[in-house]
Amino acid sequence: MIKNTIIYTVGAMIPKFLVFMLLPLYTNYLVPNEYAIVSTITAYNSLLIILFGLGFQSSTVRIYYGIESKLDKNKFLIQTFLFLIIVGILFSLILFFLKDFFGPVIFKNISFDPYFEMLIIFTFFSSFQIIPFIAMRLKEQPFQFLFYNLFYSLVYLIFNVYFLVIQQQGVYGIIKGIICSNIVAAVFLFIYMYKQFAFKFNLISNWKAHLGYVKFSLPFIFHMLAWSIFSVSDRIVIERYDSLYNLGIYSLGTQLVSTVMIIINSLNAAINPRIFKEYSSKKFIPEKFMNKILFGSIFIIGTISVGLDQLIHPIIKIIGSDSYQVNYSFVKYLLIGAILHTAYIYLAVPLFIHKKSVLISTITISTAAMNIVLNLFLIHKVGFHGVAIATMISKATLVLLIAMAIRKYDVGYKFPFRKLIVLTLFFGLVLLVL
């Protein structure tokens, strides 16, 4: 498990690391106002991709381990992959048809033409990643996952350099490069799925069962949307109620913090299948096994967060032009939020095991709504630094609510809440004091 976890983590970090390596290019060819446009497009993509995925990003692992036959498991994966492509086509056509309505609604300080159309195309082709990424983990194919991310990163690099440096197309060129990279990647993943499953199954015979999977997955849309709000609502609020310059500064800070988030999500993606596998075979989660995962993950993320906080200003000084040399103290609050995010992931395991998707969605929607309110309140009180504080407070509330909810659902493991609180507070105080 450790070997695969490391490979999955490295593979998932490669594209993020590439974006980080490209930051000096972006910050020298783009002013903060232009960098803010790139950040806003990627923020809205993370929201739209949830709709295009119909909640299967969260439900696929649980459904897969609930299916007994290997053949039926493979049918489920390929049917879901093709089904989501059809859903993506329909959603894209609807959004294109209604672009004159939705474009001005979601963009205030950014021209919706051509960026709204580019956002739709970007989201459609990036949705091809959803099922193949999960399939690679479920089938324990870490090297295929690593190879894909290396391939995608190389294509991404080529297109970005070509459109930004050679063609001198600025922010428009960067987004065009992102789209072209995802088109190439979509073709690659389609070929991967064909070779893995050969598309030989009767895709109609099992649709009745698949409709049940869709019914189980749909509530996760609200859960995932709510969770995504924690990641992007801050940038959306700044775009609407502050300046594009401040949004560019904030986006650069969040981009650096995203390196921590990718480690968290990679650990989760690699470890979660093992947790469900342990529970499926033993009908309980071993205490020693879960303690190692829970405290080990928080210790790793906490240590990385403290280190990154100390390096933020030196990094910005190296990679950024003069227009980016400002105060980045808001990053502390985002890093504390990342540590809380780690605790949330594993605390929520009992709710996923017992298929309490509605309860999970209710909790995340409630805290996401609180996050929006806090964003709107604090941005007027303390500026764009306030949205980072709002994120920290909201994630702390989310962890508290999840901790209260899981007490009713037995998985053979009692979470050591006191030790968890002490460890989380320790790293939080270190970040605030230093």
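The values are calculated or read from the model by the stated rules, or taken from the named source; none is laboratory data. Everything numeric here is computed off the predicted structure, so don't read it as measured data. Note that each Cβ is placed from the backbone with ideal geometry, even for glycine, and that neighbours are counted across all protein chains shown. Please note that ligands, DNA and RNA were not included when accessible areas were found on the heavy atoms of the full protein model with its side chains. Shrake-Rupley method; radii C 1.70, N 1.55, O 1.52, S 1.80 Å.
Per the conditions (1) out of contact with any helix residue (DSSP H, G or I) (no Cβ under 7 Å at 6 or more places or on another chain); (2) open to solvent by less than 20 Å² (accessible area, probe 1.4 Å), the sole criterion not satisfied by residue 79 is (1).
Please pick out the residue among 422, 387, 358, 331 that is open to solvent by 50 Å² or more (accessible area, probe 1.4 Å) and either closer than 26 Å to residue 316 by Cα or without any contact (Cβ under 8 Å) to a residue 40 or more places away in the chain (or both). It would help to see each step written out before you state the result.
Details: 387 fails: open to solvent by 50 Å² or more (accessible area, probe 1.4 Å); 358 fails: either closer than 26 Å to residue 316 by Cα or without any contact (Cβ under 8 Å) to a residue 40 or more places away in the chain (or both); 331 fails: open to solvent by 50 Å² or more (accessible area, probe 1.4 Å).
Going through 422, 387, 358, 331 in turn, just one is open to solvent by 50 Å² or more (accessible area, probe 1.4 Å) and either closer than 26 Å to residue 316 by Cα or without any contact (Cβ under 8 Å) to a residue 40 or more places away in the chain (or both): 422.
The set of residues in segment 400-413 being of a type outside the set (Ser, Thr, Tyr), in contact (Cβ under 8 Å) with a residue 40 or more places away in the chain and under 17 Å from residue 298 (Cβ atoms) consists of 402, 403, 406. Annotation: residue 330 fulfils all but one of (1) touching a His at 6+ places or on another chain (Cβ under 7 Å); (2) on the phi > 0 side of the Ramachandran plot; (3) not polar (S, T, N, Q); the unmet one is (2).
Among the residues of segment 213-238, just one is open to solvent by less than 40 Å² (accessible area, probe 1.4 Å) and farther than 28 Å from residue 342 by Cβ, namely 214.
Mind checking which residues of segment 294-306 are open to solvent by 30 Å² or more (accessible area, probe 1.4 Å) and more than 20 Å from the chain's Cα centre (by Cα)? Reasoning before the result, please.
If we filter segment 294-306 for residues that are open to solvent by 30 Å² or more (accessible area, probe 1.4 Å), which is where we start, we get 295, 299-300, 303-304.
Passing the criteria: 295, 299, 303.
The set of residues in segment 42-66 being surrounded by 22 or more Cβ atoms within 10 Å (Cβ to Cβ), β-branched (Val, Ile, Thr) and under 16 Å from residue 125 (Cβ atoms) consists of 50 alone.
Just so you know, in segment 269-293 the residues that are surrounded by fewer than 13 Cβ atoms within 10 Å (Cβ to Cβ) and of a type in the set (Ser, Thr, Tyr) include one that is nearest to the chain's Cα centre (by Cα), and it is 280.
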